[in-house]
Structures are given as structure tokens and as C-alpha cells.
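Below is one structure, written out as C-alpha cells, with a few remarks after it.
The values are calculated or read from the model by the stated rules, or taken from the named source; none is laboratory data. Quick caveat, the model's predicted, so the values are computed rather than measured. Cβ atoms come from the backbone with ideal geometry, glycine included; neighbour counts cover every protein chain shown. These accessible areas exclude ligands, DNA and RNA; they are computed on the full protein's heavy atoms, side chains included. Shrake-Rupley method; radii C 1.70, N 1.55, O 1.52, S 1.80 Å.
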Amino acid sequence: MKKDLGSVLALYPTPLVVVGTMVNGKPNWVLAGHVGIMGHDHIMVSLAKAHYTNQGIKETKALSVHIVDEALLKKAEYVGCVSGNQTDKSEVFTFSKGENGAPMIDMAKLSMECSVEDIYETDGFDNFILTIDHTYAEESILNEAGKINYDVFKPILFEMPGYTYLKTGETVAKCMTLEK
């Protein structure tokens with residue numbers, strides 16, 4: 001028998017990401033676990049309205065999204081635990097500027113440079129609808145065909161309500177092969 005949990009968000013786990021943007025001329029970073037896919041060329045990042053990062057995203061219309069792996073996790077968690085309103089997080093990561101001016105974390109193995117297409121506001125959240133301008137991947141996480149090999153990359157996932165980080169593991173099956 002199933003129990004009705006009410007209106008509970010149950011789409012977890014989701015990829016854990018670090019979002020970067022320029023705020024008042026300096027890079028600022030925030031950890032985000034509320035991300036989504038919107039077709040093949042758009043993503044959504046949802047940030048609480050109180051985040052310092054939001055003002056930079058709204059001003060510049062440019063941001064970077066970095067998929068967190070185990071090597072990035074400690075610094076990623078730090079930028080999620082301290083507020084840019086009180087702490088200068090500009091030197092947490094070594095970075096380069098992307099083509100649209102967004103700061104890009106040098107040590108991140110998988111990064112997307114994005115432009116804001118729209119902002120959808122909900123109670124307490126700014127939901128940034130983003131166009132993916134460029135995706136950058138370290139060659140070490142690519143397969144022979146030049147595609148991202150997630151068995152090698154092993155991104156960290158975020159699970160809520162337990163506030164738990166999960167490491168991805170092995171491939172269970174290739175899509176559309178289970179009936180064969």
C-alpha cells in the first residue's frame with residue numbers, strides 16, 4: 001500500500017552544480033541542487049531569492065554551471081555554506097572568463113557557459129531559464145566518440161530532504177536495450 005506524502009518534490013537526486021557569475025566586478029560562486037533540463041539546448045537553475053549570486057546573474061545575464069565531482073566537492077560545499085553577502089568567495093576557485101564574461105572554474109571537469117533567456121519567479125525563488133552557449137569537458141572524461149563518459153566522470157548527486165551527496169556508480173544498462 002502506498003502512503004500519500006502530500007505535495008512533496010520527489011525528483012531527487014539531481015546533479016550538484018556550482019553556479020558562477022560576476023557580481024560587482026568579482027566572480028561569485030554558489031552551490032545549487034535545484035537544476036533541470038528544458039529540452040536539448042536549455043537548462044534551468046533555481047536559486048533562493050536571497051542569494052547574492054542572483055543580482056549578478058540578473059545584471060550580466062551570463063553565468064557558468066559546473067557539474068560537481070568528488071574532486072570539486074569540498075570547495076563546492078564551502079561556496080554553498082557561506083553567503084556572498086558576508087564573504088568574498090572570488091578566490092575560492094582559479095577561473096578563466098568565458099566568451100560571455102561568466103567566470104569558468106578551471107578545475108571543473110565539465111562546465112556549461114550559459115546566457116539568461118528568462119527568469120520565472122516563484123514564491124521565494126528566482127528560476128533562471130538558460131541557453132547553453134558552450135559546454136566544456138576535460139578530455140579525460142570523454143569516450144572514444146568524444147562524448148561524456150559518466151562512468152569515468154562520476155558526478156555527485158544531491159538528495160533532498162536528507163541533504164545527502166551521492167556518488168554515481170556503474171551503468172545499469174544502455175537505453176532502449178532492456179527488451180532485446
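Miscellaneous remarks
- When we screen 56, 84 for residues that are in a helix (DSSP H, G or I), surrounded by 15 or more Cβ atoms within 10 Å (Cβ to Cβ) and in contact with a strand residue (DSSP E or B) (Cβ under 9 Å, 6 or more places away or on another chain), the only hit is 56.
- Applying a threshold of 9 Å to beta carbon distances and a minimum spacing of six or more residues, or different chains, the list of pairs starting in region 85-105 at a residue that is closer than 22 Å to residue 115 by Cβ and ending at one that is open to solvent by 50 Å² or more (accessible area, probe 1.4 Å) and in a loop (DSSP other than H, G, I, E, B) reads 93/106; 93/107; 95/106; 96/106; 100/61; 105/94.
- Residue under evaluation residue 147, criteria (1) among the basic types (Lys, Arg); (2) within 18 Å of the chain's Cα centre (by Cα); (3) surrounded by fewer than 15 Cβ atoms within 10 Å (Cβ to Cβ), criterion not met: (2)
- Leading residue by the ranking (least open to solvent (accessible area, probe 1.4 Å)) among those in region 59-74 that are more than 13 Å from residue 22 (Cα to Cα) and free of Cβ contacts under 8 Å to residues at least 40 places away in the same chain: 71
- Unique match (being among the basic types (Lys, Arg) and under 20 Å from residue 161 (Cα atoms)) among 109, 75, 3: 3
- Scan of region 118-132 for residues that are more than 14 Å from residue 45 (Cβ to Cβ) and open to solvent by 40 Å² or more (accessible area, probe 1.4 Å), ordered by number: 123
- Qualifying residue in region 104-117 (condition: closer than 20 Å to residue 50 by Cβ, more than 14 Å from the chain's Cα centre (by Cα) and assigned to a strand (DSSP E or B)): yes
- All positions within region 1-20 that are farther than 14 Å from residue 83 by Cα and either touching a Pro at 6+ places or on another chain (Cβ under 6 Å) or buried (at least 19 other Cβ atoms within 10 Å of the Cβ) (or both): 15, 16, 17
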